[in-house]
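The values are calculated or read from the model by the stated rules, or taken from the named source; none is laboratory data. Predicted, not measured: the structure shown is a model, and the values here were computed from it. When we count neighbours, we look across all protein chains shown, and the Cβ atoms used for this are built from the backbone with ideal geometry, even at glycine. What goes into the accessible areas is simple: the full protein's heavy atoms, side chains included, and nothing from ligands, DNA or RNA. Shrake-Rupley method; radii C 1.70, N 1.55, O 1.52, S 1.80 Å.
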Amino acid sequence: MTKMVGSSVKRKEDARLLTGNGNFADDITLPGMLHASVVRSSSAHAKIKSIKVEEALNHPGVVAVYTGKDLEGKIGPIPTSWYVPGCNLKEPPQYPLAIDHVRYVGDGVALVIAEDRYTVKDAAELIEVEYEDLPAVVNQKEAMEEGAPLLHEDIENNIALNWKAGEIPEGIMENAEVVVKESFYVQRVFPSPLETRAAIGQYNPGSGELTLWCSSQNPHIHRMVLSEVLGISEAKFQVIAPDMGGGFGGKIGVYPDEALIGYAARDLERPVKWIEERSEHYVAANAGRDEYIDVELAGKKDGTLEAIRVKNTANLGAYLSTMGAGVSTIDFGMMVTGSYDIPYAESETFGVYTNTTPTDAYRGAGKPESTYQIERIIDLFAREIKMDPVELRRKNFIKKEAFPYQNAHGLVYDSGDYEKPLNKALEAINYEELRREQEKKRKEGKLIGIGFSTYVEMCGFGPSEVVGAVGFQGGTWENSTVRVHPSGKVTVFCGTSPHGQGHDTTFSQVVADKLGIPIEDIEFVFSDTKSVSMGWGTYGSRSTAVGGAAVSFASDRVVEKAKKIAAHELEVSENDIEFENGKFQVKGVPGKERTFQDIAHSANMAWNLPEGMEPSLEAQYFFKPENFVFPFGTHVAVVEIDKDTGEIDLQRYVSVDDVGTVINPLTAEGQVHGGIAQGVGQALWEGAVYNKNGQLVSGTLMDYTLPKARFFPHIESDFTETPSPVNPLGAKGVGEVGTTASIACAMNAVVDALSVYGITDLEMPLTPEKIWKTVQEKEGNQ
Amino acid sequence: MTVEKKRVSVTANGQACSAEVEPRKLLVHYLRDDLGLTGTHVGCDTSQCGACSVMVDGDVVKSCTMLAVQADHSEITTVEGLGTAAELHPMQQSFWEEHGLQCGYCTPGVMIAAIGLLKENPNPTEEEIREGLEGVICRCTGYQFIVSAVQKAATRIQETGVNLNSQRLVGEGTQND
Ligand code: FES
Ligand code: FES
């Protein structure tokens, strides 16, 4: 039998998705179902003077209207799930509906429930909210200033947290031969899954059970948090994530809206459906990034890097989101040295409340930002000492022999060989020739840039002790149950929660190899808290490294038991049995064998089992990884800038990623492409913009540029494979690498092109207008 | 405020269908909520994303930009009218083989848009495909495998001579190969 792991198996989940048979939240219709709409604040900062609901309530078809006051004492505030310690973290209460004070455009003020989706929108329009506007502040630096408007009365200077890690010994920075400084802004962007958020609640008044279908990347976390918020037993509360149109971090968060729908379904004893609209999504769903990053990189003239000092001033929005405190601190700050052997590092983060929608994890969560600053500053350092940026990188790479390597902040990188993808990428672009060509074209007055990003990323969350120690309110181990039916067909349960990544397929590949059965005989169950044991969902590129590992171990346990049964039936000792290609074979006696299916039947019938053995064939494994995993790689971008229009022509994009053992090259490449599109998207096109008054001016797909097909060249992607020692698959994580690498890569290319003017930085996104103005100014045309 | 409902009758994927709807009801909601054709999705509220693309009388239409009443007496093809899981349409087969989908939310609209593109230009270059998919957004794939899927479908359709104008666009393709 050919091995499944490592081959480009076509996806099992596609048949339903390709034929319109997916089951997305809005496809679910329940008898007697009502529709909900959340009325949201149109003011960024205001006291609520009054809310008039009568007209809405009298509107035909309207069933109920709730305001924050109606819910007081009935449904708790939504807590964060990451209490980062040692940073004086201040968490203001976030009520599912604002009670008398709104703090961002999009803050919920009323919930309307009606018989159909059109009526509920009509009725929502009839709710009259009278606001008394307060001064608003949207920029985190301004929010920290004395005299800035305060969002939460008792939180001084709007500072939610001040976190520090590492210390650079005195004298190092001061006496360094070269210190390069720059301030970067990694702008606010929207994760923008194509399916917005959704929730459907159904309550059984007889049994007291509540079911919530919701767009969650981690239904068990939703159940854990919302059972408290709603005051319902976890045992009577089922959360299901149906098919989801992407997440990218935007569906990690436990949101007020989901609590509201659960509450309303229980209160009205009728199913309630809420489907978010796109423009609502952009004001109400968590955004990503929005961090000012000041960097100082110190080293010698020969290119030896000695120390890095980084300060991140992060916009947390109006409230603390689910992962809000962790992204700009732990996720960002611990990785500031990147792939380089820099002995000293100091990271500091200020998290600040502003009158904007909360921010939370977005693809990469802190690591793209961390990669951004180190990959950008290393380029500038190279320019300063007149060294080729590739040479400087290579010189400071953590050496292959140094793994496991402890970085300046104490993180232990599991495995790595950073030269491998670098060399492969250089070969792919024919680096020396490309530089020569660049030189030549520069002489002709053309603006050509070559950008690199030789990143490393922390993912595969992770060791529970460590995440516990840094305040994460979860376990981050993973579980899997492999259930073998009498026929030998298999149902596997796992606590990760895929929503486009294709785990049905990749995890089935693992099981197929382990059990020696066809992939068609395996079905997976994810994303349902009633059938799947406690698990932690899909985020932080943890699914394969942690969930896939649990699947692998649980399969081993099945084989172990099956082997005992086979030995018993064949009347030999277990040691005499060899298991290969789905057959338990007595060594050296051809024909004396049992198939996996034979044993599945025997185990389930239990007519003749070894003494004392429990019947059935089913095993569960709870896998707690000992470390994170650290994928790495090299991305290269080549751009040409049109001086007359400011347009950036992304001519080539090469990625060579090392994500450990690749389970399915096709889906892995798909993940890389998608990640690159989002990272390049941030660098070149995407940006969430608020005006001074806190109104979101990029709140629809007309104003917020999601990249289209024509924006990209043919991406040339490849892999190297350096297995991780942390899990039996050797897998790292592939979901976020593309984004983590590509923001810096694209920016470096553009800044390289503009380096002829002495430019060291520009603010993203690099719109043609911005580039054109810069070029015109530098050419002295203005 | 009661609005008089209007009867809208269409031929959807070759079947006669009819329902009474409010005059303001969007075609996409008529298809999804009244006809139960939930394969067509909604991704935005400003007609940018193309997730709702369907064929109306042979033309690609964003069904969130059209009222159901405007579609009265028309012939509509949605993703459910392409192939079945057992017998995929060449476009679906190619998306499957080339990994042209991840979450699958954009996919029905993208495939319909791509069929529209191939009707106009049966043998497009990579660049023409990228340009031709202007009306759709995919947030997952980075488009590359969508482009290769469309290229493959073009070849396949030319080789097999599938008629892209027929109501039910069943093509060759087997579920497993
Ligand atoms: S739903 Fe986005 S274009 Fe129709
Ligand atoms: S596959 Fe998810 S949006 Fe296209």
Whole number in Å², please: accessible area per residue of the stretch B:90-160, 1.4 Å probe, ligands, DNA and RNA not counted. 27
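Over the stretch A:346-427, what number does the Rg to Rh ratio reach, with both radii from the alpha-carbon atoms and Rh per Kirkwood?
So for the stretch A:346-427, dividing Rg by the Kirkwood Rh gives 1.05.
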Before I look further, what does chain A give for accessible area per residue, probe 1.4 Å, in whole square angstrom? 34
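What fraction of the DSSP beta bridges in the stretch A:478-623 is antiparallel, stated in percent and rounded to the nearest 5?
Details: 19 of 23 bridges.
Counting DSSP beta bridges with both partners in the stretch A:478-623, the antiparallel share is about 85 percent.
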Would you be so kind as to identify which of A:Tyr431, B:Ile157, A:Tyr104 lies farthest towards the positive end of the dipole of the protein assembly as shown, taking Lys and Arg as +1 and Asp and Glu as -1 on Cβ and the Cα centre as origin? B:Ile157
Quick one: what are the phi-derived ³J(HN,Hα) couplings along the stretch A:728-744, Karplus 6.51/-1.76/1.60 with θ = phi - 60°, whole Hz, x for glycine and proline? x, 7, x, 8, 9, x, 10, x, 10, 4, x, 6, 4, 7, 7, 4, 5
Treating only the Cβ atoms of Lys and Arg (+1) and Asp and Glu (-1) as charged, compute the dipole magnitude of the protein assembly as shown about its Cα centre; round to the nearest 20 debye. 560
Straight-line reach from B:Lys25: which lysines have Cα under 27 Å away, leaving out those fewer than 8 places along the same chain? A:Lys121, A:Lys273, B:Lys5, B:Lys6, B:Lys62
Long pairs among A:Lys489/A:Lys514; A:Lys489/A:Lys583; A:Lys52/A:Lys251, criterion Cα-Cα beyond 24 Å: A:Lys52/A:Lys251
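Take the eigenvalues of the Cα gyration tensor for the stretch A:1-91, scale each by 5, and report the square roots as semi-axes in whole Å, largest first.
Taking √(5λ) for each Cα gyration eigenvalue gives 43, 28, 12 Å.
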Please state, rounded to one decimal and in Å, the Kirkwood hydrodynamic radius that the stretch B:6-81 gives when every pair of distinct Cα atoms enters the mean of 1/r. 11.9
Report Rg(Cα)/(2.2 N^0.38 Å) for the stretch A:1-152, keeping two decimals. 1.50
Length-normalised contact order of the stretch B:6-81 in % [C-alpha pairs under 8 Å, at least 6 apart]: 40
Throw me the Rg/Rh for the stretch B:19-62, computed over C-alpha atoms with Kirkwood Rh, two decimals. 0.95
Can you tell me the convex hull volume per residue for chain B, based on C-alpha atoms, in Å³ to the nearest whole number? 105
Mind checking which of B:Ser94, B:Gln144, B:Pro122 is farthest towards the positive end of the stretch B:90-160's charge dipole, using Cβ charges of +1 (Lys, Arg) and -1 (Asp, Glu) about the Cα centre? B:Ser94
Suppose every K and R has +1 on its Cβ and every D and E has -1 on its Cβ; what is the size of the dipole of the stretch B:90-160 about the Cα centre, in Debye to the nearest 20? 240
Where the accessible area of the stretch B:6-81 is counted over protein heavy atoms with a 1.4 Å probe, how much of it, in %, is carbon and sulfur? 46
Taking N as the residue count of the stretch A:478-623, its alpha carbon Rg divided by 2.2 N^0.38 Å gives 1.07
Assigning unit charges at the beta carbon (Lys, Arg +1; Asp, Glu -1) and nothing else, what dipole magnitude in debye, to the nearest 20, does the stretch B:1-113 show about its Cα centre? 320
Take peptide A:670-683, look around each residue's Cβ out to 10 angstrom, count Cβ atoms belonging to other protein chains, and average those counts. 4
Report the label-to-label distance for A:Glu626 and A:Ala606 in nanometres (one decimal), using points 7 Å from each Cα along the Cα→Cβ vector. 3.7
Amide proton proximity set for A:Glu182, modelled H, under 5 Å, gap of 5+: A:Val295
Chain pair A, B: how much accessible area is buried, both chains summed, with a 1.4 Å probe, in Å² to 100? 4800
Roughly speaking, to the nearest percent, how much of the stretch A:478-623's 1.4 Å accessible area is carbon and sulfur? 46
Going through A:Lys708/B:Lys152; A:Lys141/A:Lys301; A:Lys300/A:Lys778; A:Lys420/A:Lys732; A:Lys446/A:Lys770 one by one, the pairs whose alpha carbons sit over 26 Å apart turn out to be A:Lys141/A:Lys301; A:Lys300/A:Lys778
Normalise the Debye intensity by I(0) for the protein assembly as shown, one equal point scatterer per Cα, no solvent, then take log10 at q = 0.05, 0.06, 0.08 Å⁻¹ and round to two decimals. -0.29, -0.43, -0.78
Can you work out the base-10 log of I(q)/I(0) for the stretch A:412-460 at q = 0.13, 0.25, 0.28, 0.30 1/Å, using the Debye formula on its C-alpha atoms alone? -0.46, -0.97, -1.08, -1.14
Tell me the mean residue ellipticity at 222 nm calculated for chain A from its helices only (DSSP H runs of n ≥ 4, each -39500 (n - 2.57), averaged over every residue, nearest 500). -8000 deg cm²/dmol
Rounded, prolate or oblate: which fits the stretch A:185-273, taking a ≥ b ≥ c as square roots of the Cα gyration tensor eigenvalues, rounded meaning a/c under 1.5, else prolate when a/b beats b/c? prolate
Dipole of chain A [Lys/Arg +1, Asp/Glu -1 at C-beta], most positive-end residue of A:Ala512, A:Ala469, A:Met764: A:Ala512
I'd like the distance separating the alpha-carbon centroids of the stretch B:132-161 and the stretch A:294-314, in whole Å. 45
Could you grab the relative contact order for chain A? Cα pairs under 8 Å, six or more apart, rounded to a whole percent. 15
